[in-house]
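The values are calculated or read from the model by the stated rules, or taken from the named source; none is laboratory data. Please read all numbers here as calculations on a predicted model, not as lab measurements. Cβ sites come from the backbone with ideal geometry, for glycine too, and all protein chains shown count toward neighbours. Side chains included, ligands, DNA and RNA excluded: accessible areas come from the protein's heavy atoms. Shrake-Rupley method; radii C 1.70, N 1.55, O 1.52, S 1.80 Å.
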2 protein chains.
Amino acid sequence: MAEKSVYKHKVDPQEVDFTLHASVASMTRTVLQVAGNDACGKGFGVDSLQADNHTWVLSRMAVELDSLPRQYDEYSVGTWISDYGRVLSTRNFTLEDASGREFGRAVTQWAMIDMKSRTAVDLSWVGDKHSEAVVDIPSPTDKPRKIRAVNPTREMEHRVVYSDIDFNRHVNTMRYLVLMFDMLPLELVACGRPVRLDVHFLHECRYGQTLIVGCEMQERGAAFEVRSDDGTVAVKAQVEWKEE
Amino acid sequence: MAEKSVYKHKVDPQEVDFTLHASVASMTRTVLQVAGNDACGKGFGVDSLQADNHTWVLSRMAVELDSLPRQYDEYSVGTWISDYGRVLSTRNFTLEDASGREFGRAVTQWAMIDMKSRTAVDLSWVGDKHSEAVVDIPSPTDKPRKIRAVNPTREMEHRVVYSDIDFNRHVNTMRYLVLMFDMLPLELVACGRPVRLDVHFLHECRYGQTLIVGCEMQERGAAFEVRSDDGTVAVKAQVEWKEE
């Protein structure tokens, strides 16, 4: 049976915030890039699915970071798929610093959709055809947690612009996270304490739509809800920093 | 005498827009990263200047791109300093694709400032101390052109947020460009025609300020003016696409 695949990464100046540590959003971006590269390398990436007009869509995500690396630090991302269901596949990650200490982990759940109808397709065939890619190691932390109703204490409007969109003219996954973190007090978002982030992606938003990002400040973090101008909830998320 | 230094770059998924070509802004980011890396490697980067509480500040920039590389394309950036004045040093760039064809070029002018007083310092000493780094090759295109008064036909407000700021809590150079390009029609900004961009950085903007980005549409492009909420003009820019 297969083992984790490991990818090296070096923190680039454009990934750091004003503290010169990688931002939580940029760490998440790296994790998602590793997912894409690993799937491509193993023959079931978006490139191979294109022929059938299918693509992977991120449905839920949980990311835990005990600390944040500094600019130019090197770390490695281990990734493996622990299971394929009919609707969701689970891809896991562990992050280790240069000395081999685990400082972060993530669990992501992906659906496969038909690019024309934008509806989910049965992905059991991937599990059958690529069973050698399934690794018998459990997820390194809780799967993405349920996010209860969000009661925003602050709202921000954002019109979807050129720099927000992916090749489908939908808002790039990462942009939602950046918009959310931008609503938090600077002292909190850059506090450097251990953090856990849970995100559910529910609907896609398109170029030209206006998003309402609602933020509910909580005792140790915040909950977020992104709605598009037709009232649809597009994304829900929760972020929680540990007390020191 | 020294020669151009050459750095390889591969277009990463986060650099491309919905056309799967690198955006003009991301190409500019790469050019500026090469500048930083080259200066550091030669002993006059921001890291070496920190001891004296000095840093480099980009004053003016001209970028010409005849075409835009696609995702995963490799290209190389050649860079050299052609002169050091008392106030500005000129750093040049040529961009070549994998076959060695030049597809872009840039001229940047940098001041050195004292980080406490935020005022320019005489940088002739760099030219003396690092004269071996000056290369006797002229700039590959016109230096950054004068930008006349801008009469905005559209304005957009932007509050400076966490993801905008650099380690000094000033707005990152790149963010201004992203904000500007986001005001243009999608068909123009992603038209792929040869483009020239001129930017003047006049004042720094800080976390929490509100910026007004004014855009004046012109026959073949647009002119921009970014003002902060105290009325100061922070950045002026002009972008022009060639007719096909």
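A few notes on this one:
- Flag for A:THR173 being within 15 Å of A:LEU58 (Cβ to Cβ), more than 9 Å from every other protein chain (Cβ to nearest Cβ) and open to solvent by 20 Å² or more (accessible area, probe 1.4 Å): yes
- Taking region A:14-26 as the range and being open to solvent by less than 50 Å² (accessible area, probe 1.4 Å), not charged (D, E, K, R) and not in a loop (DSSP other than H, G, I, E, B) as the test, the residues that pass are A:VAL16, A:ALA22, A:VAL24, A:ALA25, A:SER26.
- Positions within region B:208-244 being open to solvent by 50 Å² or more (accessible area, probe 1.4 Å), of a type in the set (Lys, Arg) and in contact with a Leu (Cβ under 9 Å, 6 or more places away or on another chain), in sequence order: B:ARG227
- When the criteria are applied in full, A:THR55 meets the requirement of being over 23 Å from B:MET174 (Cβ atoms), open to solvent by less than 30 Å² (accessible area, probe 1.4 Å) and either polar (S, T, N, Q) or at pLDDT below 95 (or both).
- Residues in region B:166-180 that are at negative phi and either at pLDDT below 95 or not hydrophobic (A, V, I, L, M, F, W, C) (or both): 9 in all.
- Failed item, numbered, when A:LYS146 is tested on (1) open to solvent by 20 Å² or more (accessible area, probe 1.4 Å); (2) within 14 Å of chain B (Cβ to nearest Cβ): (2)
- Residue identified as within 15 Å of A:TYR162 (Cβ to Cβ) and more than 8 Å from every other protein chain (Cβ to nearest Cβ) among B:VAL24, B:VAL31, B:VAL11: B:VAL24
- Qualifying residue in region A:45-57 (condition: closer than 24 Å to A:ILE147 by Cα and away from chain B (no Cβ under 14 Å)): yes
- For the residues B:VAL161, B:VAL178, the requirement of being touching a residue at least 60 places away in the same chain (Cβ under 8 Å), under 19 Å from A:MET174 (Cα atoms) and open to solvent by less than 60 Å² (accessible area, probe 1.4 Å) singles out B:VAL178.
- Single unsatisfied condition, B:TYR72 versus (1) open to solvent by 30 Å² or more (accessible area, probe 1.4 Å); (2) on the phi < 0 side of the Ramachandran plot; (3) within 14 Å of chain A (Cβ to nearest Cβ): (2)
- For region A:130-142, taking the residues that are in contact (Cβ under 8 Å) with a residue 12 or more places away in the chain and assigned to a helix (DSSP H, G or I), the one that is nearest to A:LEU202 (Cα to Cα) is identified as A:ALA133.
- Flag if A:GLY36 is within 14 Å of chain B (Cβ to nearest Cβ), without any contact (Cβ under 8 Å) to a residue 40 or more places away in the chain and open to solvent by less than 50 Å² (accessible area, probe 1.4 Å): yes
- Here B:GLU187 clears all of (1) away from every other protein chain (no Cβ under 14 Å); (2) without any contact (Cβ under 8 Å) to a residue 12 or more places away in the chain except the condition numbered (1).
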